[in-house]
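Undergrad: My questions will all concern the structure given below.
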Amino acid sequence: MKKVQYSLAFYIYFLIGAVSAGVLVLFVINSGYALSALREQTCMTTHGTLSMYSSYIEDGFENAQRFLSGFAYNDEYLPKINSDSTLDRYTALTREYTKIQEALPSHSMIDSFFLYNPQYGLYAAATQTRVSEKEMLTLRKKLPEALTDGSLQLDTDGNWIPYQIGQEYYLIRLIYFQETYIGALVNTTNLLQPLLESNLDESGIVYLHQSDFGPLSDEVDREVELDPVQASTQYVMVGMNGRYLAVACSCIKGAYYLITLIPDASIRDGMGGMYDITVLAGVLLILLLFLMSAAIRGLFIRPMRQLSEAIRKIRDGQLETTVSEHVLAREFQDVNRSFNEMSSEIKRLTISVYEQKLKRQQIYQEYLKQQITPHFYINCLNTIYSMAGLGKNDLVRRLAKELSVHLRYTMNSQKMVSFEKEIDHVRNYLSMTELRYPNTLQCTLEVQPETGTALVPPLMVQTFIENTVKHETVPGEPMEIHLSATLYWQGNERKIHVCIWDTGRGYPPEVLQRLIAESENPMEDDQTGDGTHIGLSNTIQRIRLLYGEKAEIHFSNREGAGAQCDILLPFVDQAEHIPETGEL
């Protein structure tokens, strides 16, 4: 029996008819699942909003926590709050109140920063303008009582503590240092109000949930029994007869869940015309089927064959292939014209992509270079402030001048500088550090003069010196830092060996392990670790970007001393040519 041969048009018509019939059936069947789909979409959209807001909350809390830590452990007036002298106590308390008052506008998410000394009953708090006078008075009374009677206890793991005062729920972060509590406080109602106004109607509920404390809200009905973990992965209907759609998202480093309860009635309101739309869509689909059958050949089949053949040629490497632009459908004209432009521009695009990659690498190098912590500058300014208060004008002028030289060097746009300039910068940095830590640092520099013309990344050596000062130096306790730089030959290649070591405690095992891993396999665009020693991580990546596998970085703990870092770089003389890309 002869096999029947069908044309392409037949198959297209047949498929269109079959698909159209199937779509009609699906429309009818799908109406029963429309509500479920709408719930799922609502859940996804809401979860995305919760995720973004959760990130916003975590960023705000992290900034507040960094401020509290810096304030508690670095402020020179905090210990004086516990002084035996009444004048000294109240003078210090006034100074500290001024500082937290000035810092509060930079932390818009925080409702209040406060200090409390239980021994002398001293309390000071800076609050946002949105906090009512009544609430301020309540907090002024209840917080000291709670800290004194133990109902509000310090979390040794550094978590934000849920706490209820009257009808209000709060998140509190506490640090206890120098016999004084330093804390930040957030009213959960104020925290979630922007989310409630932007994401829900008036009958919706947004609240925080903590596993031990439960819901931080009085609006949650007793009938609502919710598993936040389940609600964070799929939509869950809760309440009597599925009254609410619950969506959850982990928040504040997983310690809390941000939960939204959306009334199911408001979701069902969006289903009003679904049936009429289904019938109308079926009728229009049948009409379109006949219209498409009449015009399908001239408008679709022939241009499609032409375009398909051209695509096959492009796939085979014939990049000069073009297609005719003289077709009936304007859309195919645009497609064919775009196809022709694509084939003529593809080589140029390939080059452009490569150039963009190099440009991104340059931008990333600049980012790594400029990613510096303001910790050092803040301490220098505090030192200048303290010296000015003591009338040490000569030291103030000296430190201010050296700080200006330091800033000018750190903010220059050069990718490479001479090793001599880097060492001068290190001396300038050590000079400022000695003013901050008198009779503490002893630095030994053994640098061969021949190394002065070698080109190195700016801030390379200073970053390692600063790491030692930041993590190992204790005022009044002697600390030695040794820096040596020598030239040597490795085969036919000259190299420079920079060795930096100190007499501190050395790298903790977990930090040493991470630094070794990063020096062997640096990861671009990724920040590993717990946020400490970020300067070392950035310097490792900058060196790898500039030198590739030609550079070696070795971290260790020196026997009988402290931390040690050995940097081995190719010796590139200052007079040699450096490519525009900054790569060596």
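Undergrad: Using only alpha-carbon positions, what ratio does the radius of gyration of the range 386-570 give when scaled by 2.2 N^0.38 Å? Let's see the in-between values first.
TA: Details: Rg = 17.0 Å, N = 185, 2.2 N^0.38 = 16.0 Å.
So the range 386-570 has a normalised radius of gyration of 1.06.
Undergrad: How large is the direction-averaged shadow of the alpha-carbon convex hull of the range 14-272, in nm²? Display every interim value, and only then the final one.
TA: On the way: hull surface 70.3 nm².
Here the figure is 17.6 nm², rounded to one decimal.
Undergrad: What is the packing order of peptides 48-61, 77-90, taking the mean over residues of other C-beta atoms within 10 Å and listing the highest first? Please report the intermediate quantities before stating the final value.
TA: Numbers: 48-61: 16.4, 77-90: 14.6.
Taking the mean over residues of other Cβ atoms within 10 Å, the ranking is 48-61, 77-90.
Undergrad: Hey, can you rank 184-192, 162-170, 226-234 by average C-beta count inside 10 Å, highest first? Present the calculation step by step, with values, prior to reporting the outcome.
TA: Working: 184-192: 21.2, 162-170: 16.7, 226-234: 15.1.
With the highest mean Cβ count within 10 Å placed first, the list reads 184-192, 162-170, 226-234.
Undergrad: Sticking with this structure for a sec: Work out the FRET efficiency for E549 and R305 from their Cβ-Cβ distance, taking R0 = 60 Å, and round it to the nearest 0.05. Walk me through the numbers before you get to the answer.
TA: Working: r = 51 Å, r/R0 = 0.86.
The value I calculate is 0.70.
Undergrad: What FRET efficiency comes out for L196 versus D573 if R0 is 45 angstrom and r is the Cβ-Cβ distance? Round to the nearest 0.05.
TA: On the way: r = 64 Å, r/R0 = 1.43.
According to the calculation, E is roughly 0.10.
Undergrad: If I model a spin label as a point 7 Å beyond the Cα along the Cα-Cβ vector, how far apart are those points for L38 and L287 in nm?
TA: 2.6 nm
Undergrad: Working out 0.36 nm times the residue gap between Q448 and M342, then minus their Cα-Cα distance, what length gain in nm do you get to one decimal? Mind showing how you got there, number by number?
TA: Working: separation 106, 0.36 × 106 = 38.16 nm, distance 5.76 nm.
Length gained, Q448 through M342: 32.4 nm.
Undergrad: Under a plain spin-label model, where a point goes 7 Å from the Cα along Cα-to-Cβ, how far apart in nm are E480 and N382?
TA: For E480 paired with N382, the spin-label model returns 2.9 nm.
Undergrad: Sticking with this structure for a sec: Quickly work out the E225-to-Q153 label distance, labels modelled 7 Å from Cα along the C-beta direction, and quote it in nm with one decimal.
TA: 2.9 nm
Undergrad: Still on this structure, please answer the following. Test of understanding: what is the full-extension gain from Q513 to D566, defined as 0.36 nm times their sequence separation minus their Cα-Cα distance?
TA: Numbers: separation 53, 0.36 × 53 = 19.08 nm, distance 1.55 nm.
Roughly 17.5 nm would be gained on extension.
Undergrad: With an 8 Å cut-off on Cα pairs and a minimum separation of 6 or more residues, tell me the relative contact order of the range 386-570 in percent. The partial results should precede the final answer.
TA: Details: 269 pairs, mean separation 35.3, N = 185.
So the answer I get is 19 percent.
Undergrad: How would you classify the range 46-135 from its alpha-carbon gyration tensor, with a ≥ b ≥ c the square roots of the eigenvalues: rounded for a/c under 1.5, else prolate if a/b is greater than b/c, otherwise oblate?
TA: Values: a/c = 3.11, a/b = 2.10, b/c = 1.48.
It comes out prolate by the Cα gyration axes.
Quick note: the coordinates plus some simple rules give every number you see, no bench work behind them. Since the model is a prediction, treat every value here as computed from it, not as a measurement. With ideal geometry, Cβ positions are generated from the backbone for all residues, glycine too; neighbour counts draw on all protein chains shown.
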